[in-house]
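Notes follow once the structure below has been shown.
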Amino acid sequence: MAAPTIDLTRALLADQFNRPITYLRISVTDKCNLRCVYCMPENGLPWLAKADILSYEEITELVRAAASVGVRSIRISGGEPLVRKDLHRLVRAIASVDGIEEIALSTNALLLSEQADALCEAGLTRVNVSLDTLRADRFEQIARRPGLDRVLAGIEAAIARGLAPLKINCVVMRGANDDEIAAFAEWTRSRPVYVRFIEVMPVHENVDLQRDAYMSSDEILERVRSIGRIAPVEGPGGNGPARYFAFAGAPGAVGVISPLSHDYCERCNRVRLSADGKLRLCLFGDQHIDLRAPLRAGASRDDIAETLRAAMLIKPERHHLELGETSSRMRAFSEIGG
Ligand code: SAM
Ligand code: SF4
């Protein structure tokens with residue numbers, strides 16, 4: 001990873017609420033090889049045209065501008081990022097940007113075992129794998145495609161290559177997979193994995209499912225406690241949006257992410273870049289700034305950095321989404337950088 005040689009006397013990004021913004025989540029594609037019921041309609045979405053999607057060179061230039069104002073951590077997401085050709089090329093380019101300290105990937109891991117070597121060599125440091133069930137038949141119901149064996153192979157490949165800490169994101173849905181909370185938690189007693197249970201969030205496509213299947217993180221933690229005593233622990237590399245707990249002596253830990261509660265917003269240090277170059281200031285808000293147009297019109301790195309600073313003025317203090325509501329603009333997280 002490149003040593004930081006940035007001029008730290010220049011103002012770094014912080015929003016109006018004094019939250020330093022150091023984390024950029026980048027969607028490299030809106031497409032996916034799964035169709036998780038809480039995320040995408042069965043027939044997919046109206047995909048972006050190829051010409052509208054940022055090239056790797058354009059993404060890297062935006063990362064350079066972001067790093068110059070204090071962004072240190074990059075997460076590559078989607079859609080499913082591993083379906084985009086030669087993703088390792090982008091990882092390598094970002095790894096060479098001054099100031100970038102960490103490059104993580106969020107993936108469904110279907111294609112991870114075959115790409116793990118190239119990604120690691122390119123400079124990938126961490127991986128989050130989405131996995132909602134440990135049962136093959138259920139995987140096919142939730143993801144609407146088969147593939148549990150490939151996901152598990154991807155997880156093992158990531159552990160074997162030292163892509164640690166490995167986080168598993170599990171969206172909990174009452175009546176669909178809540179009876180597996182204990183099995184996932186049990187996993188953390190024998191493997192170095194951080195299983196993070198996520199409350200299902202509303203998007204335009206899933207509002208009925210979300211209303212019926214929502215389970216709070218308090219209830220999720222009660223289920224975990226039913227199999228053993230857990231104590232709060234520090235999360236890997238800071239907590240971010242999750243709160244972590246571990247069984248005594250366990251190599252892994254359990255986390256909960258409660259996006260519908262407001263303390264999630266208090267710790268927000270992130271902005272998102274959509275595959276077509278929109279900087280999104282809040283997961284659930286409409287606030288965004290187009291970076292693609294100025295970039296393609298020849299804006300300099302300093303101009304883009306100025307635009308990033310200006311964007312901080314419209315980052316909201318919190319979202320105001322409540323249980324049972326939906327974000328009308330957002331059909332799926334894959335539109336905005338997962
Ligand atoms: N395809 C990759 C994956 O699944 O990890 C990256 C993109 S995916 C949109 C990023 C994360 O968002 C996944 O962990 C997924 O489970 C989560 N997600 C998607 N829709 C969600 C929803 N409605 N509620 C909660 N989490 C959701
Ligand atoms: Fe694809 Fe990830 Fe959405 Fe599932 S959650 S459909 S894997 S983008």
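The values are calculated or read from the model by the stated rules, or taken from the named source; none is laboratory data. Everything numeric in this text was worked out from a predicted model, so none of it was measured. A quick note on method: Cβ atoms are made from the backbone with ideal geometry, for glycine too, and the neighbour counts reach across all protein chains shown. In case anyone asks, the SASA skips ligands and DNA or RNA and just uses the protein heavy atoms, side chains included. Shrake-Rupley method; radii C 1.70, N 1.55, O 1.52, S 1.80 Å.
Inter-label distance, residue 16 to residue 286: 1.7 nm, where each label sits 7 Å from its Cα along the C-beta direction.
Using a Gaussian network model of the chain in which every pair of alpha carbons under 10 angstrom is joined by a spring, one finds that among 222, 317, 101 the greatest mean-square fluctuation is at 222. With springs only between Cα atoms under 10 Å, which of 49, 250, 157 fluctuates most in a Gaussian network model of the chain? In this elastic network of the chain, the residue with the biggest mean-square fluctuation among 49, 250, 157 is 49.
Helix-only arithmetic for the chain: the sum of -39500 (n - 2.57) across DSSP H runs with n ≥ 4, divided by the residue total, places the mean residue ellipticity at 222 nm at -8500 deg cm²/dmol.
If you take all other residues with their beta carbon under 13 Å from the beta carbon of residue 191, and give Lys and Arg +1 and Asp and Glu -1, the sum is 0. Using the 1.4 Å probe convention, the accessible area of the chain works out to 41 Å² per residue with neighbouring protein chains retained. Here the Gaussian network model covers the chain, with springs between Cα atoms less than 10 Å apart; of 297, 182, 160, 297 fluctuates the most. Taking label points 7 Å from Cα along the Cα-to-Cβ direction, residue 302 and residue 96 give a separation of 2.4 nm. Can you pull the percent of the chain's accessible area that's carbon plus sulfur, 1.4 Å probe, other chains left in place? Answer for the chain: carbon and sulfur cover 50 percent of the accessible area.
With the Cα gyration tensor of region 56-105 giving a ≥ b ≥ c as the square roots of its eigenvalues, does the rule (a/c under 1.5 for rounded; else a/b larger than b/c for prolate; else oblate) give rounded, prolate or oblate? All intermediate terms of the calculation are to be shown ahead of the outcome.
Details: a/c = 2.00, a/b = 1.70, b/c = 1.17.
Prolate is the answer for region 56-105, as a/c is 1.5 or above and a/b outweighs b/c.
In terms of its alpha-carbon gyration tensor, region 165-275 comes out oblate; a/c meets the 1.5 threshold, while b/c is at least as large as a/b.
Using C-alpha pairs below 8 Å separated by at least 6 residues, the relative contact order for region 23-335 is 20 percent. Say a site is exposed when it is one of the trypsin sites (Lys or Arg not before Pro), sits in a DSSP loop, and has at most 12 other Cβ atoms within 10 Å; what is then the longest site-free stretch of the chain? Within the chain, the longest run free of exposed trypsin sites (Lys or Arg not before Pro) spans 86-228. Distance between the pseudo-spin-label points of residue 309 and residue 231 (7 Å out from Cα toward the beta carbon): 4.6 nm. The residues packed around residue 159, meaning those with a beta-carbon under 13 Å from its beta-carbon, carry a net charge of +3 if Lys and Arg are +1 and Asp and Glu are -1.
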